[in-house]
Amino acid sequence: MLATKTRTQSVAHLGESALIEQIKFWLGPVNPPSPQGIGDDCAVSVALKEGNQLTTTDAINYGYHFDDSMNPENVGAKLIKRNVSDIAAMGGTPESAVLALLCSSDVSIDWLKGFFLGIRDTCERYSISLVGGDISTLKATSFSAVLTLNGYAEEPKLRTSSRVGDFIYTTGTLGGSILGKHYQFEPRLSEGQWLAKSPECHAMMDLSDGLGKDLNALLPENTMADLFLDQIPVSEAAKKLAHTSGLEELEHAFCDGEDYELLFTMDAQTDKTEFEKSWQNKFPNTQLTCIGSIQNTGVEKGPYLDAKTGKPIPWVYGFEHLKT
């Protein structure tokens, strides 16, 4: 469990200085020696590799992004992977990170150890160094962690470069992440790096708040998304939820969020057959689906339309922070 009633088993027993030393021990090889790692006012970065620097930040909060049903290793892994997914969406490579830890004094040392071991294992998998951070106190039974991740990309792929006529693609399947995918996903890092090298790929982002909300960010002004509803890759989890939620499977696929898939556009002149064959050869275990195209409206940005009927699609929402 996150919190413990026994002081000798909580972080209150250690205090900040001893906790930092313990964190350095838990992180092991992913935390380089000072000044490249924890121990000074700032981490001294290594020389930037050729390309453009990328910086992203994401958080996990107890009661929102995880609860007591998740083991701490998975919580730590999710924090890293959420950030890696952002780097993947730019076609980049992650490098180093800093972590702000905000927790109450009753948080279990054993739980926190598991959290950092999850961070350590995931950082090792993606060759990330965790080089520093901060610790701050929260009220009882509270925990948050904020990671800032740096990386680089030769040619970052942006959200804002789509064009009229572009095909719209997504990786994987969508919806129902609450049944496990929200922490069991794998960021599409290699796929994003491969797409970033393709001039036919015009724009890219990751799906974190849901297709219904996120797709709007890829649409240029005076355009709309013409979608093939029968091609939307609905996950088995979304279908399972639809049996009890009262919502349609497609609404779950559009609106649930935390899919962490890539959403991207390809030039209208792309040979779809050849592109999809190349994808299958390169990424045989990553599903790829063309779900529609971008069309001109002649007016302000339009809605999502059903390509078969021409009718607006109602699922244009996703996860909203701070919404009451």
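The values are calculated or read from the model by the stated rules, or taken from the named source; none is laboratory data. None of these values were measured; they are calculated from a predicted model. Don't worry about glycine lacking a Cβ; one is built from the backbone with ideal geometry, like all the others, and counts go over all protein chains shown. All accessible areas refer to the heavy atoms of the entire protein, side chains included, with ligands and DNA or RNA removed. Shrake-Rupley method; radii C 1.70, N 1.55, O 1.52, S 1.80 Å.
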Query raised in the report: Of all residues in the stretch 146-170, how many are within 22 Å of Ala217 (Cα to Cα) and either open to solvent by 10 Å² or more (accessible area, probe 1.4 Å) or not hydrophobic (A, V, I, L, M, F, W, C) (or both)?
Result: 15
Query raised in the report: Within the set of pairs 6 or more residues apart or between chains, which connect a residue that is farther than 13 Å from Gly176 by Cβ and open to solvent by 60 Å² or more (accessible area, probe 1.4 Å) inside the stretch 221-244 to a residue that is modelled with pLDDT of 95 or more and of a type outside the set (Asp, Glu) with Cβ atoms less than 8 Å apart?
Result: Phe228/Cys290; Phe228/Ile291; Phe228/Gly292; Gln231/Thr289; Gln231/Cys290; Gln231/Ile291; Gln231/Gly292
Report summary line: Condition set open to solvent by less than 10 Å² (accessible area, probe 1.4 Å) and part of a strand (DSSP E or B), scope the stretch 104-131, selection farthest from Ala88 (Cα to Cα): answer is Val107
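Kindly indicate whether Lys139 is outside any helix (DSSP H, G or I) and either at pLDDT below 95 or open to solvent by 50 Å² or more (accessible area, probe 1.4 Å) (or both).
So Lys139 passes the test.
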**Report entry** Test: residue in the stretch 238-256 that is of a type outside the set (A, V, I, L, M, F, W, C) and closer than 20 Å to Asn83 by Cα
**Finding:** yes
Query raised in the report: Restricting the search to the stretch 171-201, which residues are out of contact with any strand residue (DSSP E or B) (no Cβ under 6 Å at 6 or more places or on another chain) and open to solvent by 40 Å² or more (accessible area, probe 1.4 Å)?
Result: Thr173, Ile178, Leu179, Lys181, Tyr183, Gln184, Glu186, Ser190, Gln193, Trp194, Lys197, Pro199
Query raised in the report: Which residue pairs have Cβ atoms under 6 Å apart, sit 6 or more places apart or on different chains, and have a first residue in the stretch 14-25 that is in contact (Cβ under 8 Å) with a residue 12 or more places away in the chain and a second that is among the β-branched types (Val, Ile, Thr)?
Result: Glu16/Ile135; Leu19/Val11; Lys24/Ile38
Report task. Quick one: Lys49 ticks every box in (1) modelled with pLDDT of 85 or more; (2) under 18 Å from Val84 (Cβ atoms) except a single one, so which number is it? Result -> (1)
Report summary line: Within the stretch 16-31, restricting to residues that are open to solvent by 30 Å² or more (accessible area, probe 1.4 Å) and of a type outside the set (Val, Ile, Thr), the one that is modelled with the lowest pLDDT is Glu16
Query - Check on Thr93, open to solvent by 10 Å² or more (accessible area, probe 1.4 Å), under 30 Å from Leu158 (Cβ atoms), of a type in the set (Val, Ile, Thr) and touching a helix residue (DSSP H, G or I) at 6+ places or on another chain (Cβ under 9 Å) - result: yes
Report summary line: Going through the stretch 142-155 in order, the residues found to be in a loop (DSSP other than H, G, I, E, B) and either within 30 Å of Leu195 (Cβ to Cβ) or not hydroxyl-bearing (Ser, Thr, Tyr) (or both) are Glu154, Glu155
